[in-house]
Structures are given as structure tokens and as C-alpha cells.
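Trainee: First, the structure itself, so that you have it in front of you.
The values are calculated or read from the model by the stated rules, or taken from the named source; none is laboratory data. Note that the coordinates shown come from a computational prediction; the quantities given were computed from them, not determined experimentally. Note that each Cβ is placed from the backbone with ideal geometry, even for glycine, and that neighbours are counted across all protein chains shown.
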Amino acid sequence: MKPIRVMIVDDSATVRQVLSEVMSAAPDIEVIGTAPDPLFALDRMNRNWPDVVVLDVEMPRMDGITFLKKLMAERPTPVVICSTLTERGAETTMQAMSAGAVDIVTKPRMGLKQFLLDSGEEVIRAVRAASHARLRRPVAAPPAVAPKQSADAVLAAPVGAMHETTDKVVAVGTSTGGTQALEVLLTGLPRTVAGLVIVQHMPEKFTAAFAARLDGLCTISVREAQDGDRVLPGQALIAPGGRHMLLKRSGAQYRVSVLDGPPVNRHRPSVDVLFRSVAGCAGGNALGIIMTGMGDDGARGLREMRDAGALTLAQDEASCVVYGMPKEAVKRDAVARSVSLGGLAGEITAYSR
């Protein structure tokens, strides 16, 4: 197999050097060049076009977002954003994700070299996932009407689902390509839909900015979840980056529990943790949806939801940026049917009635 050809664009010489060393150590990745800004990068890329670009956001002469938009308009190429782990940087990074970037690699302001060396496997996974991305124009939404652990490491002993409540809940899990896919999905929902609980694989500090951006675009309310939040109709709660989110029953109400714990399927938050908690406490009162992403996080949990009586859907292959997580769920017979990205909002709306 041909190696994944990578171009690194970052104004920090340290970042360029360390990322190049980290990625070159992987047998399936070849760093074909580095550049301190997008203008230098374009000159080199026009001579040898990469499969994946690892891109900083704040750079001289041309910022990363402008460069990203230029790439997506002229020659769409998978881009992994390499962003500083700050609240201010998170808002800018969300603009980049909306413009078409497929994943985020974080970097701190202090201890940068050691951090990147320690996070080498995360960087490599992000590049591999991006290399599988199929970039296309977003599907229009319908009109509004570490060691791999299982979720047992986070979940308490299961309790039987209680069916006395008529409240419904929609659980959604996604990863690579999910920031754009969730925007299509959530902007297509009316305020009358059942409450949503969502896991999007994303680093800490970025989910608050992501939720705030979606809240400004959507008819429904979108918030980063806090421990004890009630699941309400017309509202979507997004799991905070770096923490797990579970569904709990409080009398006839559903609430979320946000807690620490080890990574599950190498992710925190984990889709499996959310889905398995929904299976345990909501049963047939739930709708589960697994969307674009690499890996198998969520497949086991979605199967448990289906076995508990929930309706389960997967985003179809044609509309996924990476058809990994849905594919694994389909293989486990966890999916009742697959639906295009453009059709998922209508499914949620119909289910909520």
C-alpha cells in the first residue's frame, strides 16, 4: 500500500520538527514537506500534492481558515487542524471545522515538544482517519418540521429500564466528520423534537465553543452538558470534551451525569458509554443514531439499545465522511436501517411525535 503523504503547515519550527518526527515513525505515513505558512505550503503542494494536510490556525501572511476555505473551494483535501488548547483558540478552531476540516489535534502553549511526543499516537490516528475521509458538499437538511476498554470501566452495575415514563430521548454518537454532519442534522430540527444527548469525539475546551456555535444556528437549544442537566424537548446536550456523559433516570425524568473515567475505545467522551447507559435506563423510549466516524466506538452500545427495544439508525455510507462507526454497528446487527444524512432530521422529528 502507498503511504499517506502529509504536508505540515505551522509557523512554529518546533511543531514542524516534532510532528514530522512523530509521523515519520509510522510505517504508513510519509511527510512530504513542511511549511511555515500557507503561501509557502501552496508552492510546495502544487509540485507534490499531499493526501492530508496538518494545519495550524494562527499564522502570518495567511491564516489557516482562509487557506482551508481556499483548499475546499479549489481542490478539496483532508485537513487536520493543529490548534492551541485554549478557549479563545477553540472558537477559531470551530470555524475551521465548519469550513471543512475533519479532525483536531491539540497543542498546549507550554511544554509543547514533550506534549506532542507523548501524543504521537493520537496524531497518527487523526492523520489515518483523515486519509479515509471523502470530502463533498454537505447534504442539504430537510425543511424544519490507550488500551482499549469497554464502557464497563465507566458504567455502574446496569439497572432494568423503567417504562413508566412517556418521555423520549434521542442519543447520537459521531466522530470524524461529525462537526459538519451535526450542523446539518441539528439545523433541520424543529423545537418540538424529543431531547437529544450527543457524543462528538472532541478534545476538552472545544465542545463549549462547538455547542455555542450550533446554538446560534439552530431552532432548538444546544448546550455543552453539565452534570445533572435535565433532558428536555427541543434541547440538545453535547458531552464535554475530556469527560464521559451518561443518561440517568430521576423519577419520571431523564438527566445526564457528567463524570471522569478512563478512555473507552480510546475515547473520552465515549459513544459506547452514552449508548449503553441509554439502553439501561430508557429502553424502548429511546432512539439511537450512529453517524460518521472512524473506529467502532458506539457499535456495542447501539446493539444493547436495539436489544432493549430502542429504534436504532445509522448514517448511510454515501453521506458519511468516514464510514467506520456506522459500518461496525451494521456488522453487529445493531442497526434497524441506514438513512442519509439529509434524512435523519426527518426521522427524529417523526419519532418525536
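To keep it simple, each residue is scored yes or no on (1) at pLDDT 95 or above; (2) touching a strand residue (DSSP E or B) at 6+ places or on another chain (Cβ under 8 Å); (3) of a type in the set (A, V, I, L, M, F, W, C); (4) under 30 Å from K205 (Cα atoms).
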position	(1), (2), (3), (4)
S257	yes, yes, no, yes
D260	no, yes, no, yes
P269	yes, yes, no, yes
S277	yes, yes, no, yes
G293	no, yes, no, yes
M325	yes, yes, yes, yes
G342	yes, no, no, yes
A350	yes, no, yes, no
R353	no, no, no, no
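Trainee: I would also like to ask the following. If I filter region 275-287 for residues that are assigned to a strand (DSSP E or B), outside the structural domain of S98 (by TED's automatic domain parsing) and crowded, with 16+ Cβ neighbours inside 10 Å, do I get at least one hit? Even if it seems obvious, please write down each step before you answer.
Mentor: From region 275-287, those assigned to a strand (DSSP E or B) are 286-287; that's our starting set.
Imposing the further condition that a residue be outside the structural domain of S98 (by TED's automatic domain parsing) reduces the set to 286-287.
Okay, now just the ones that are also crowded, with 16+ Cβ neighbours inside 10 Å, so 286-287.
Yes - at least one qualifying residue is present in region 275-287.
Trainee: Taking A73 as the residue in question, decide whether it is among the small types (G, A, S) and surrounded by 17 or more Cβ atoms within 10 Å (Cβ to Cβ). Give the steps one after another, and end with the answer.
Mentor: Numbers: among the small types (G, A, S): yes; surrounded by 17 or more Cβ atoms within 10 Å (Cβ to Cβ): no.
Taking the combined requirement at face value, the residue does not satisfy it.
Trainee: Would you check which residues across region 327-340 are outside any strand (DSSP E or B), in contact with a strand residue (DSSP E or B) (Cβ under 9 Å, 6 or more places away or on another chain) and more than 20 Å from Q200 (Cβ to Cβ) and list them? Quick ask: steps written out before the conclusion?
Mentor: In the first step, residues of region 327-340 are kept if they are outside any strand (DSSP E or B); the result is 327-336, 340.
Add one more test, that the residue is in contact with a strand residue (DSSP E or B) (Cβ under 9 Å, 6 or more places away or on another chain), and what stays is 327-330, 334-336, 340.
Correct list: V330, A336.
Trainee: Can you tell me which residue is farthest from the chain's Cα centre (by Cα) among those in region 221-237 that are part of a strand (DSSP E or B) and either modelled with pLDDT under 95 or within 12 Å of G195 (Cβ to Cβ) (or both)? Before the answer, list the steps.
Mentor: Start the filter on region 221-237 by keeping residues that are part of a strand (DSSP E or B), which leaves 221-224, 230, 235-237.
Subset that is either modelled with pLDDT under 95 or within 12 Å of G195 (Cβ to Cβ) (or both): 221-223, 230, 235-237.
Working: S221: 19, V222: 15, R223: 15, R230: 23, Q235: 19, A236: 15, L237: 14 Å.
Checked region 221-237; the qualifying residue farthest from the chain's Cα centre (by Cα) is R230.
Trainee: Need the failing condition index for V321 against (1) among the β-branched types (V, I, T); (2) closer than 16 Å to L182 by Cα; (3) part of a strand (DSSP E or B), just the number.
Mentor: Only one criterion in (1) among the β-branched types (V, I, T); (2) closer than 16 Å to L182 by Cα; (3) part of a strand (DSSP E or B) is unmet by V321, namely (3).
Trainee: Checking the conditions here, which among V145, V123 is of a type in the set (V, I, T), modelled with pLDDT under 85 and outside any strand (DSSP E or B)? Lay out the reasoning, then the answer.
Mentor: Details: V123 fails: modelled with pLDDT under 85.
Selected residue: V145, the only one of V145, V123 that is of a type in the set (V, I, T), modelled with pLDDT under 85 and outside any strand (DSSP E or B).
Trainee: Kindly check whether there is at least one residue in region 302-325 that is crowded, with 18+ Cβ neighbours inside 10 Å, of a type outside the set (K, R) and over 27 Å from T187 (Cβ atoms).
Mentor: Within region 302-325 (the criterion being crowded, with 18+ Cβ neighbours inside 10 Å, of a type outside the set (K, R) and over 27 Å from T187 (Cβ atoms)), the answer is yes, since at least one residue qualifies.
Trainee: Output the strands (runs of 3 or more DSSP E) that fall wholly within region 1-116 and possess 2 or more residues being more than 23 Å from T174 (Cα to Cα) and over 26 Å from the mean Cα position of the chain (by Cα), or say none.
Mentor: Details: elements: 4-9, 29-35, 52-55, 79-84, 103-107.
Where strands (runs of 3 or more DSSP E) fall fully within region 1-116 and carry at least 2 residues being more than 23 Å from T174 (Cα to Cα) and over 26 Å from the mean Cα position of the chain (by Cα), they are 29-35.
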